[in-house]
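See structure below.
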Amino acid sequence: MRARAAVEQSPEDAVVEVINPTGRGPVVLACEHASNAVPADLNALGLSPAALSSHVAWDPGALAVARALAQRLDAPLVAARVSRLVVDCNRPPEAVDAMPAHSEVFAIPGNAALTADERRRRAEAIHHPFHATLASCLDDASRIHGRAPALVTVHSFTPVYNGVPRTLDLGVLHDADARLADALLSAPALGPASGLVVRRNEPYGPADGVTHTLARHGVARGLPHVMLEIRNDRIADEAGQRAWAGRLADAVTRALEALAVAEAVASGV
């Protein structure tokens, strides 16, 4: 697969996209599983169109919600434009499941016998540009505000995984720093009165290896961070995507306000 630096890519073949790059809100958004696209030279990884349209190849609905959140929060959004089956930008590139040979019920023939050099070239072509772009956006946001932004990543999950139903509507995930997750879980838009089932570190958590982006950029920089996992049948259409973007924008805004108040009290301001 051809590896090209992000700055040299045309809009048609870029592996990462920045939406609302001049956003001035106190948040930077990321959507690592925004696309199910596979570079032509990888021959669809040997998968059928049905497999590539399924949740194993991307997070359906996540990009639409993230775009709407970027608009509501006036936040830059960094979105991957290549399927996570090619290389998962939310896993360390050296991890086996960053380029899985099997995902849920699907074998991934194009990943079955990857050499170390093939894995390295995929990481250089896709994973590294994504994270370099996200780091640059976080740097820019820090300069604009004179303080560190919050990092919010947007994902979706399937209602049934390996035959087991999942009963929650939203997972609020965090790594070592729970500040933003705690504040979000206390936000009225996600509370008991909302009628939603919202849980911490479900349906995945740090032990499942899903907080790579949070750890790499959030923990390392001391940023408030959170990963939002929305059940994908809730955001399968435009109405659901708009509704979830609205409630999440409200929850994030209130959570950041609560954090600011807590920090001011702690500093004696």
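Computed from the coordinates by the stated procedures, all read-outs in this text should not be read as laboratory data. Everything numeric in this text was worked out from a predicted model, so none of it was measured. Positions of Cβ are generated from backbone atoms using ideal geometry, with glycine treated the same way; all protein chains shown enter the neighbour counts.
By average Cβ neighbour count within 10 Å, what is the ranking of 237-245, 121-129 from highest down?
On the way: 237-245: 16.6, 121-129: 21.3.
Final packing ranking: 121-129, 237-245.
When N counts the residues of region 6-267, how does its alpha-carbon radius of gyration compare numerically with 2.2 N^0.38 Å, as a ratio?
Values: Rg = 17.8 Å, N = 262, 2.2 N^0.38 = 18.3 Å.
Normalised by 2.2 N^0.38 Å, the Cα Rg of region 6-267 equals 0.97.
Kyte-Doolittle mean at least -1.0 and Cα extent at least 30 Å along the axis: which DSSP H helices of the chain qualify?
On the way: long enough: 238-267 (43 Å, 0.32).
Qualifying helices: 238-267.
Determine the distance separating the Cα centre of region 198-237 from the Cα centre of region 238-269; give it in Å without decimals.
16
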